[in-house]
1. For region 2-25, state whether one or more residues are open to solvent by less than 60 Å² (accessible area, probe 1.4 Å), assigned to a helix (DSSP H, G or I), under 12 Å from ASN303 (Cβ atoms) and charged (D, E, K, R).
2. Looking only at residues that are open to solvent by 60 Å² or more (accessible area, probe 1.4 Å) and of a type outside the set (D, E, K, R) in region 40-49, which one is farthest from LEU189 (Cα to Cα)?
3. Give the residues of region 223-249 that are of a type in the set (S, T, N, Q) and either within 20 Å of PRO396 (Cβ to Cβ) or in contact with a helix residue (DSSP H, G or I) (Cβ under 7 Å, 6 or more places away or on another chain) (or both), sorted by residue number.
4. Quick check on region 392-420: of everything there that is of a type in the set (D, E, K, R) and more than 18 Å from PRO258 (Cβ to Cβ), which residue is least open to solvent (accessible area, probe 1.4 Å)?
5. Within region 429-443, count every residue that is outside any loop (DSSP other than H, G, I, E, B) and open to solvent by 10 Å² or more (accessible area, probe 1.4 Å).
6. Say whether the condition of being open to solvent by 50 Å² or more (accessible area, probe 1.4 Å) and among the charged types (D, E, K, R) is met by at least one residue in region 60-73.
7. Could you please let me know if ASP315 is farther than 30 Å from ARG222 by Cα, part of a helix (DSSP H, G or I) and modelled with pLDDT of 95 or more?
8. Looking at GLU52, GLU99 in this structure, which one is of a type outside the set (Gly, Ala, Ser), part of a helix (DSSP H, G or I) and open to solvent by less than 50 Å² (accessible area, probe 1.4 Å)?
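The values are calculated or read from the model by the stated rules, or taken from the named source; none is laboratory data. Quick caveat: nothing in here was measured; it's all calculated off a predicted structure. Note that we place each Cβ from the backbone using ideal geometry, even for glycine, and neighbour counts take in every protein chain shown. To get the accessible areas, we keep the full protein, side chains included, count just its heavy atoms, and leave off ligands, DNA and RNA. Shrake-Rupley method; radii C 1.70, N 1.55, O 1.52, S 1.80 Å.
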Amino acid sequence: MSVAAQHELVERIWGRDATVWTGADEDKWLGWLDEPKRMQERIGELRQFAGEARTRFDAFVLLGMGGSSLAPEVLKRTFGVKGMHVLDTTHPAMIRHAEEFLDLQRTMFIVSSKSGTTLETRSHFDYFWERAGGEGGQFVAVTDPGSELEQVAQERGMRVFAGEPTIGGRYSALSPFGLVPAALMEIDLERVLAGALRMADACRGESSPGLQLGLRLGEGWRDGRDKVCIPETEGRFGLWAEQLIAESTGKQGKGLVPAPGESPDGPDRQAADVELSDVFDIGAEFFRWEFAVAIAGSILQINPFDQPNVQAAKDKTKDVLASGEDPPLAEAGSLDELLAGAEPPNYVAIQAFIDPVREAELEPLIARARETGCVVTHGLGPRYLHSTGQLHKGGPPTGLFVQVVDDTGEEIPIPGQDFGFGRLIRAQAEGDYRSLQQLGRKIVRVRI
């Protein structure tokens, strides 16, 4: 792409020109371009809120999924924060772990959902509301204006932080969804946002770092190198970048496959750097990758701001729950046969509906899958449904899927529902299995 064409592309994005992509409604989803500036004006409000909260509470638990949980998780890991916990699983074992190590009366819960209707988050909210004694001052909501969650939060006397409706979940790291938790973690918001603003300004020029990364991603895809190998950082930046890339580009049968921690050596792979010379560069890096994925989306000629296939697994989960059945999640298919037929450009996706504490037990399976020469991705369910699930269903049909399940143990009821967390996670596993099967994807199920 010529320098003049690059300059024009950058100008069109900042000019909110939807025809950079598909000419649908992309212009309505570009609020992230200006969010660092808007949030800079709210630093005082966030700092005051967090200071008061820390005088009352020793621990903070974020209840959220996908775009509401991954940036806080990466911030927590990047800055080595101990008192913030992110709950983005419906596995009963993790809820039991949380109750064992938390003093519920000295814990504040951040209920985070853009739509305000996320099933997992609302279930967590209702459960801990009841367990903690239903005290509004102990809960805070982060949600878009007018959502059902906002209404419930106001009725319960909770503090509400409004999100920006022109920003999708995976682009919300530098909005209240990332920065309310960051304030509670005592992260220096001035320095994080100053870096983001410097990067936003740099992304207006023709040597824009976001443009250059985006062009490399898009041109790599054109050359058949659609696996983006992101180096593992101490803060696990790839966890966040994974959703941004997969959910933004994986549609219409094409897409970039994010592969944190995988080697970039291979015919279908490309390397992508994470530039974090200092932990406070995280704000700049969030913005650089957001801009880059928007650029890559223009090269792939897709709408990077929608997620047309995410609903499929949710609908199948609802069907399973509504039927009253409790799927046994028996082993299915042959792992040996699946891996025997694997070769690039396939990728192997390990989808583990297990207690997150057991994640290390996946390592032998990951190592075995790598022996095929294919890129291997792995995610915890139901978290990945809100992250890479769009790519698995809407992206290139090159994925080979290994669903991993375990025994969920004793049931934990969800207030107001006729199912508990155990049955919910089993329904989510079964729902996604059926969604992938229906699309003709190759999938097997194993138990640990």
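1. no
2. My answer is GLN48.
3. Result: GLN243, SER248, THR249.
4. Per the stated criteria, the residue is ASP406.
5. Of the residues in that region, 7 qualify.
6. no
7. The answer is no for ASP315.
8. Only one candidate qualifies: GLU99.
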